[in-house]
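First up is the structure itself, then whatever we jot down about it.
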Amino acid sequence: MWQVSGAHGHIDPDEAVENMFSYIDTGFTTWDLADHYGPAEDFIGEFRRRLADRRGSDATAGVQAFTKWVPSPGPMDRTWVEENINKSLRRMSVGSLDLLQFHWWDYGDERYLEAMDNLGELRDEGKIRHLGLTNFDTDHLQNVVDKGHEIVSNQVQYSLIDRRPERKMAQYCQGQGIHLLAYGTLAGGLLSDRYLGQSEPSRATLTTASLNKYKQMVDVWGDWDLFQELLRALKRVADRHQVSIADVAMRYILDRPAVAGVIVGVRLGIADHIEDNARLFGLELKPVDLDEIESVLSRSHDLYRAIGDCGDEYRR
Ligand SMILES: NC(=O)c1ccc[n+]([C@@H]2O[C@H](COP(=O)([O-])OP(=O)(O)OC[C@H]3O[C@@H](n4cnc5c(N)ncnc54)[C@H](OP(=O)(O)O)[C@@H]3O)[C@@H](O)[C@H]2O)c1
């Protein structure tokens, strides 16, 4: 739901909330959002109210909303942490947050451990069902786990372009029973049929914050010619299975170790790819498909060496 924040085109609130019904009716029942994604938490609240009014309060039990808390650096005492969690509970109109994913900007400031202590208490008291992290690198995820915190997931950038999680993160998570939730899997839409055969887009034509963010990743990964080679390879795979490039890009990441889900951005009320995205659940990639994709990936730059571990781009 970053796509409703205002940096991806104008979203009409009423239309957006109505549009959410099409997703749950196709089986896309989990939403990913954050306290700072504009009206995202309010949309969840309004959607749950409409859902309960129309289909009965039991219907809301089939929908999950994973929010984040992305605090500015500062004191992390119990009162402050609880105030912020209460705000999300109110906005989302829930008694308990299904999953609270915690982000921290500065590892030099160890108050993230105090925040985790307080979030853990709130989980034990029922205001949070599960605790996760987002954009934590492996070392700091380990710090949190070593302090005894029960973490179910870490949300990280993970795509055919950005395979940093494969260096350290996935292995550590597997060993601890922690799951990865992947974002950026479609590189904002660059990894789709729409960009196949297109000349390199200028900044002016990249009309969403998401496209801008991931075009920078592509620039680190390789040049536009190599990216087009990747799209052509993905297209050959997609044609063999009668799906789209986007389906192949999502399936590839869903099949990776430790990955529990891929989070796909939707511009509610502006564009939808519901039917196409639902096809990925029937897609099974074969060794020949993976070899064809790897033959291009093996010629790209390593983002782990260029940028660092997961989330390091948020700490420079
Ligand atoms: N934890 C974090 O720091 C963090 C950071 C970024 C994102 N996220 C989460 O991840 C979510 C995903 O966002 P993202 O920015 O990473 O974008 P993304 O999922 O890589 O790309 C989303 C865009 O891909 C296009 N698309 C989707 N399905 C398609 C299909 N089948 N065929 C062709 N194009 C398709 C759509 O473009 P059009 O709308 O133009 O059609 C859509 O807006 C966010 O909403 C947010 O919840 C988290």
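Observations, loosely collected:
- Build a GNM of the chain with springs between Cα atoms under 10 Å apart, and of Leu190, Leu226, Leu100 the one that fluctuates most is Leu226.
- Proximity of backbone amide H atoms, modeled 1.01 Å from N, is registered between His130 and Leu99, Leu100 at under 5 Å, excluding neighbours fewer than 5 places apart on the same chain.
- Base-10 log of normalised Debye intensity for the stretch 262-308 (one unit scatterer per alpha-carbon) at q = 0.18, 0.22 Å⁻¹: -0.88, -0.91
- Rg and Dmax of the stretch 45-197, based on Cα coordinates, read 17.4, 54 Å.
- Across the stretch 12-141, C-alpha contacts under 8 Å between residues 6 or more apart give a mean separation that, scaled by the residue count, equals a relative contact order of 24 percent.
- Mean residue ellipticity, 222 nm, helices only, the chain: the sum of -39500 (n - 2.57) across DSSP H runs of n ≥ 4, divided by residue count and rounded to 500, is -13500 deg cm²/dmol.
- Distance between the modelled labels on Thr29 and Asp117, one decimal in nanometres: 3.8 nm (7 Å Cα→Cβ projection).
- For the stretch 212-262, the pair-distance distribution built from all alpha carbon pairs, in bins 5 Å wide starting at 0, is 5, 18, 19, 23, 23, 11, 1 percent.
- Rule-of-thumb Rg ratio for the stretch 175-316 [Cα; 2.2 N^0.38 Å; N residues]: 1.05
- Candidates Trp69, Trp80, Trp221, ranked by Gaussian network fluctuation over the chain, Cα under 10 Å, top entry: Trp80
- Most fluctuating residue given options Pro201, Pro287, Pro75, as computed from a GNM of the chain linking Cα atoms under 10 Å: Pro287
- Taking N as its residue count, the alpha carbon Rg of the stretch 224-307 over 2.2 N^0.38 Å: 1.17
- Sparse-neighbourhood loop sites, trypsin sites (Lys or Arg not before Pro) in the stretch 32-128 - DSSP loop, at most 16 other Cβ within 10 angstrom: none
- Cα pair count fraction exceeding 28 Å, expressed as % - the chain: 41
- Accessible area of the stretch 1-125 belonging to carbon and sulfur atoms, whole % at 1.4 Å probe: 47
- Maximal additional length on extending the Arg49-Thr79 stretch stands at 8.0 nm, based on 0.36 nm per residue less the C-alpha distance.
- Longest exposed-site-free window of the chain, the sites being GluC sites (Glu not before Pro) in a DSSP loop that have at most 10 other C-beta atoms within 10 Å: 126-283
The values are calculated or read from the model by the stated rules, or taken from the named source; none is laboratory data. All values derive from a computational prediction rather than experimental measurement. All Cβ positions, even for glycine, are placed from backbone atoms using ideal geometry, and neighbour counts span all protein chains on display. Surface accessibility is based on the protein's heavy atoms, side chains included, excluding ligands, DNA and RNA. Shrake-Rupley method; radii C 1.70, N 1.55, O 1.52, S 1.80 Å.
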